Structures are given as structure tokens and as C-alpha cells.
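Just so it is clear, none of the values below were taken in a lab; they were calculated from the coordinates. Computed from a prediction, not measured in an experiment: that's the story for all the values here. Quick reminder, even Gly has a Cβ in these numbers, built from the backbone with ideal geometry, and neighbours come from all protein chains shown.
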Amino acid sequence: MTQLTQLAPDIHRLCLPLPFALDHVNCYLIRGDRGWTLLDTGLHTPEGWQSWLAAFAELGIRPADIEQIVLTHVHPDHYGMAGTLQAWTGNAVPVRMSTATAEAAAVIWRSPAEDWLDETSAYLRCNGLEASFLESVLQSMRGMRAAVRPYPENVETFAPGDEVGLGNRRMQAIQAQGHADDQTVFYDPADRLIFCGDQVLQRITPNVGSWPTTPAGPLGRFLTDLSHLSGLDVGLALPGHRQEITDFAGRIDELLAHHEKRLVTIREAIPDAGATTLEITRRVFPVDRFNTHEVRFAVAETLAHLEHLLETGEASWDENSAGVWVFRR
Ligand SMILES: [Zn+2]
């Protein structure tokens, strides 16, 4: 079964397998006069690499036909195989990413895991999670780090507002924070087309979490940047997961409404006596049915909403004698 779908005369989507509940990521191959652009790369697994080779064979693409590799954001399912694909071209082509993505990669993928221990331990304690969660964090970090190697070597960066050529298209690089603060989406006003990364997804809501290294308030940044995108004239949006989106503004409205509703739910879940992030998470998500990995995502998402309620003055916060954060309405 082919995992390739042609979406425009110059654009093919490659649906790559992922070993997660979210079981695939979309990468795009964009043909231009100077060769092929590969947009996002997948997690580095044997199955993922076989998918790329099968796509190259099907489209008749040789290493010398690749012009560049471009990334939307630093998450491993997008960044993971950039170095592998670059090596396939004999390191002849650049991997292009935003300056923010290059900086995030240096912290997340290239620094020793031990650098994070203090921050991660403090994060777990403040949010009411037992120290035993640390092992789960370290385990998933080790797994992810293995799946983003080898690292890309020849890296070129761009900034929000720059024009970035993808194939023959002149795309505007637009910052889209919150899911990943380093994320860029690429907009082609002439063709009303956008590569929207993980900022707007069909049927599933992009994860917005507050993690040990996230500056406070990712949900505010997500909602702000999402609102900006809704002002663009878009006929077709090509996301990092799931199907293409034809009603882009409509889908953004649904996502904004989803978080509006969840903010109310989380605010109402704060008891009068106050509660920790984990206690509030338990009132919103079926935490007892989650594995430790899922619990961490639920806590990060709850915390992102709680931080937003602090920003809007709908909740307050203090620290108890054990150093655990307690939220109140
Ligand atoms: Zn993703």
C-alpha cells in the first residue's frame, strides 16, 4: 500500500508510521525547478526510513534530486530523520529551520540529559507528581534522543517574516507558538495554501502543555497565534498529522472554542480549598486509566490551562510548605 498521496501538481504527502497512539506523521515532498524540497521528516525508525526509500523509488527521486530539507518544529516526529535524509544526499543539501528551532534542538536533543534532572525534578514536585515519575521522563527522553540521530550537520536558519522558497512557491514563514514555541508555518498567499505544522489539526486538538523548559503561558501564545492565522485567506491547509483541511478558519474556531470550554472546566475543577496541578488533573482526566507517560501529558496540559487562568486573573496560586503549587479560584 502506498503511503504517498498527490495533493497538488507539485505536492505529495508521505504518511510515515509512528510508534505512538498518534500513529503517523505527514511529511511533504514539493517539486520545483531546483529539485525536491522535503518538509518534515518523521521519527527515525527502520519503518520510517523504509517509507522514505519507497517514496523516493515511487517518484524516481535520487539523492542528487533533493534541493533542501525544511522543518516546521523541533518535535522528534518532525525533526527526527533530518540528519538521516541529509546523509542520504551525501550532506550536499542544507536542513533549513527557524533560528528558534535550531536553539531548541541544541537544548532538547544535543545537551546531556543530566542537564535537565534538577529542572525536571523541581517540575514534578511543584505539580504534585511523585519522584518515581522521573524514571518515566528519563526513559522517554532516552528513546526520543535515539530516534533523532544522526543530527543534521549543515543547518541554515530563517526567521519569522522571512520568505522561504518551497519548490517554486514563495512562502511566508509565520511563527505559530504554543504547541511548540519554535514552530513555523509556511503560507503561500498566491495559491491560498498553508503548511500549518501541528498548529491546526483536523479531528484532534494539538497538544498544548507546560513542560519543565516551557516559559509560562504557552496556551496564551497558542491562542494568540491561532487567532492571527485565522485572518489568512486559506483554501487548503496541509497539517503535520491527519487529513488536509479545507475549512481552515472554521477549524480554528473549533479549536478556540475547545480551549475556551476546557478553561471553564478546569477553573470549575479547582476546589474552594485549593488543589495541586495533579489533583485538578484528576478531576478533569481519567488519570487512573493512564500510563505514566499519559499522566505527564495530562498534567502538562492542565498546567498550561491553569497558567492561562492566572494570566487572566481567574485563578491564583501559592506554594505550600512542601514546595508544591496550590491553585485557588
Ligand atoms: Zn507532530
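On a 0 to 90° scale, report how tilted helix 46-59 is relative to the longest principal axis of the chain, with both axes built from alpha carbons and the result rounded to the nearest 10.
Between helix and principal axis, roughly 30 degrees.
Sort out for me the Cα centre separation of the range 1-68 from the range 118-189, rounded to whole Å.
20
Rg (Å, one decimal) plus Dmax (Å, integer) for the alpha carbons of the range 182-329?
Computed over the Cα atoms of the range 182-329, radius of gyration and Dmax are 17.0, 58 Å.
Provide the descending list of Cα extents for the range 1-152 along its principal axes, expressed in whole angstroms.
For the range 1-152, the Cα spread along each principal axis is 53, 32, 23 Å.
Above 37 Å lies some portion of the pair distances; for the chain, what is it as a whole percent of all C-alpha pairs?
Details: 9910 of 53956 pairs.
Everything past 37 Å amounts to 18 percent.
Arrange the peptides 167-176, 297-306 so that the one whose residues have, on average, the most other Cβ atoms within 10 Å appears first.
Working: 167-176: 19.6, 297-306: 24.0.
Put in order of decreasing packing, that is 297-306, 167-176.
At 25 °C and 0.890 mPa s, what whole-number value in µm²/s does Stokes-Einstein give for the translational diffusion of the range 127-240, with Rh from the Kirkwood sum over Cα pairs?
Working: Rh = 16.4 Å.
D, rounded to a whole number, is 150 µm²/s.
Run through all the Cα pairs of the range 152-199 and give the fraction in each 10 Å bin from 0, expressed as whole percent.
Bin by bin from 0 Å, the calculated values are 27, 51, 21, 1.
Please provide three numbers in whole Å: the alpha-carbon extents of the range 8-79 along the principal axes, with the largest listed first.
37, 24, 22
Give the Rg/Rh ratio for the range 236-319, taking Rg as the radius of gyration of the Cα atoms and Rh as the Kirkwood radius, to two decimals.
1.06
Relative to the first principal axis of the alpha-carbon coordinates of the chain, what is the inclination of helix 133-146, with its axis defined by its Cα atoms, in degrees from 0 to 90 and to the nearest 10?
Taking Cα atoms only, the helix is inclined about 10 degrees.
Where does the chain land at 222 nm, in deg cm²/dmol rounded to the nearest 500, when only DSSP H runs of n ≥ 4 count, each adding -39500 (n - 2.57), divided by all residues? Can you show the working numbers first?
Details: 10 runs with 118 residues, N = 329.
The helix-only estimate for the chain comes to -11000 deg cm²/dmol at 222 nm.
When the dipole is taken about the Cα centre of the chain, and only Lys, Arg (+1) and Asp, Glu (-1) are charged at their Cβ, what size is it in debye, to the nearest 20? Before the final figure, lay out the partial values.
Numbers: 26 positive and 43 negative charges, 98 e Å.
So the magnitude is around 480 debye.
Quick one: helix 218-230 against the long Cα principal axis of the chain, what's the angle to the nearest 10°, folded into 0 to 90?
So the inclination is approximately 40 degrees.
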